[in-house]
Amino acid sequence: MRCNRRRRCGQRVAQDRERILGADHTASLNARRNLGLALAIRGQHNRARSVLTDVLADYIRVLGAAHPYTASAQSSLDRLPSLHEFTW
């Protein structure tokens with residue numbers, strides 16, 4: 001139950017940041033990455049991979065391949081299979 005609530009909250013945060021700040025704002029990108037991580041932790045790897053892949057492409061487009069946020073997003077995608085072992 002708590003995880004569902006967190007995921008829904010994460011979705012709302014990502015949507016609100018995108019609406020208010022714009023899709024390319026780093027806070028919006030970070031919220032989407034966090035949503036991807038939350039999905040992965042819940043074991044929803046297909047959705048998580050989709051979200052993390054999209055946000056990685058946006059980080060590269062907006063910030064460049066060498067930016068630390070981009071590297072962190074790539075790391076999250078690389079670690080996707082093991083993220084479900086994390087607990088809150």
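Result for the chain in a Gaussian network model with C-alpha springs under 10 Å: among Ile60, Ile20, Ile41, the largest mean-square fluctuation is at Ile20.
Ranking Ser72, Ile20, Ile41 by how far each Cα lies toward the positive end of the dipole of region 1-82 (charges on Cβ) leaves Ile41 at the top. Electrostatic bookkeeping for Ala40 treats Lys and Arg as +1 and Asp and Glu as -1; over the other residues with beta carbon under 9 Å from its beta carbon, the sum is +4. I'd like the accessible area for His25, computed on protein heavy atoms only with a 1.4 Å probe and all protein chains in place. Round to 10 Å², please. Counting only protein heavy atoms, His25 exposes about 80 Å² to solvent.
Can you give the helix-only mean residue ellipticity at 222 nm for the chain, where every DSSP H stretch with n ≥ 4 adds -39500 (n - 2.57) and the sum goes over all residues, rounded to the nearest 500 deg cm²/dmol? Write down the numbers at each step before the final one.
Values: 4 runs with 66 residues, N = 88.
Value at 222 nm, helices only: -25000 deg cm²/dmol.
In the context of the full set of protein chains, residues of the chain present 61 Å² of accessible surface per residue (probe radius 1.4 Å, heavy atoms only). Subtracting the Cα-Cα distance of Arg61 and Gln11 from their residue separation scaled by 0.36 nm leaves 15.8 nm.
For the set Leu77, Leu52, Leu21, the ranking by accessible area, highest first and with no ligand, DNA or RNA atoms included, is Leu21, Leu77, Leu52 under a 1.4 Å probe.
The values are calculated or read from the model by the stated rules, or taken from the named source; none is laboratory data. It should be emphasised that the depicted structure is a prediction, and the values quoted were computed from it without experimental measurement. Neighbour counts are summed over all protein chains in view; Cβ atoms, including those assigned to glycine, are modelled from backbone coordinates with ideal geometry. Remember, those area values only see protein heavy atoms, side chains included, never the ligands or the DNA or RNA. Shrake-Rupley method; radii C 1.70, N 1.55, O 1.52, S 1.80 Å.
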